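The values are calculated or read from the model by the stated rules, or taken from the named source; none is laboratory data. Predicted model only: the values in this text are computed from it and were never measured. Ideal geometry is used to build each Cβ from the backbone, glycine not excepted, and the neighbour counts take in all protein chains shown. Just the protein is used for accessible areas: all its heavy atoms, side chains included, with ligands, DNA and RNA removed. Shrake-Rupley method; radii C 1.70, N 1.55, O 1.52, S 1.80 Å.
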Amino acid sequence: DAGVIQSPRHEVTEMGQEVTLRCKPISGHDYLFWYRQTMMQGLELLVYFNNKAVMDDSGMPKDRFSAKMPNASFSTLKIQPSEPRDSAVYFCASSPPAGGMETQYFGPGTRLLVL
Amino acid sequence: SQKIEQNSEALNIQEGKTATLTCNYTNYSPAYLQWYRQDPGRGPVFLLLIRENEKEKRKERLKVTFDTTLKQSLFHITASQPADSATYLCALVLNQAGTALIFGKGTTLSVSS
């Protein structure tokens, strides 16, 4: 398996622009997670899906962030409008159906810089 | 308040020595705990998992301990090598399904030859 795939790997945009990050989870994994990593805050969970349904989005600023999973093999995280404080590395992770004590498999991340 | 702390941001050791990384937490009751390795420009990679009722877990040169009374996990790398240089993250897993993870900020280990 190719692992979790994310695109783009790098994104530079100007404040106020819309940004869309994409993720393809590992085939057969029911769970998909979006994280944000910064030096100050570390790795923080934004939102996660189970079988394409949002289970918890309490970590996501809902005024400007939105996450979708239209099918089992694709998810997007959209930021509109983007702000400089959104600059971070965004990771997508997936994990298999819950059987207890699952681990998460992370993608390579998207490095976002908002000017 | 709830906190998870890793002992230091950076740890420098010589090749062949044992590296010991610490993860402390307060006000959480994790179901289990995980350790991840993160290399520059890459996502975290799972290394080891230890349950709350396990005292110690080993995998090759890696050893993890978990003391729920002290609210502390220790991560050891024996006979360290320059290739072990990376950032190591501990993660408290708050539910059995593994969907509620709280990550520490990590310790960057540098092993010099």
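The table that follows gives values for the structure above.
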{"quantity": "Enumerated strands (runs of 3 or more DSSP E) restricted to the stretch A:1-99, each holding at least 2 residues that are touching a residue at least 12 places away in the same chain (Cβ under 8 Å) and touching a Ser or Thr at 6+ places or on another chain (Cβ under 8 Å)", "calculated": "A:5-7, A:10-13, A:19-24, A:31-38, A:42-50, A:65-71, A:74-79, A:88-95"}
{"quantity": "Failed item, numbered, when B:Asn7 is tested on (1) modelled with pLDDT of 90 or more; (2) within 12 Å of the chain's Cα centre (by Cα)", "calculated": "(1)"}
{"quantity": "Test: residue in the stretch B:13-25 that is outside any loop (DSSP other than H, G, I, E, B), within 14 Å of another protein chain (Cβ to nearest Cβ) and among the hydroxyl-bearing types (Ser, Thr, Tyr)", "calculated": "yes"}
{"quantity": "Residues located in the stretch A:77-115, provided they are open to solvent by 20 Å² or more (accessible area, probe 1.4 Å) and away from chain B (no Cβ under 14 Å)", "calculated": "A:Lys78, A:Gln80, A:Pro81, A:Glu83, A:Pro84, A:Arg85, A:Ser87, A:Leu113, A:Leu115"}
{"quantity": "Test: residue in the stretch B:44-51 that is more than 23 Å from A:Tyr31 (Cβ to Cβ), hydrophobic (A, V, I, L, M, F, W, C) and either open to solvent by 40 Å² or more (accessible area, probe 1.4 Å) or in a loop (DSSP other than H, G, I, E, B) (or both)", "calculated": "no"}
{"quantity": "Residues of the stretch B:88-113 satisfying the condition of being within 14 Å of chain A (Cβ to nearest Cβ), outside any loop (DSSP other than H, G, I, E, B) and surrounded by 19 or more Cβ atoms within 10 Å (Cβ to Cβ)", "calculated": "B:Tyr88, B:Leu89, B:Cys90, B:Ala91, B:Leu92, B:Val93, B:Leu101, B:Ile102, B:Phe103, B:Thr107"}
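Yes/no per residue for (1) within 27 Å of B:Arg37 (Cβ to Cβ); (2) acidic (Asp, Glu); (3) out of contact with any helix residue (DSSP H, G or I) (no Cβ under 9 Å at 6 or more places or on another chain):
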position	(1), (2), (3)
A:Gly42	yes, no, yes
A:Ser58	no, no, yes
A:Lys62	no, no, yes
A:Lys68	no, no, yes
A:Thr76	no, no, yes
A:Ile79	no, no, no
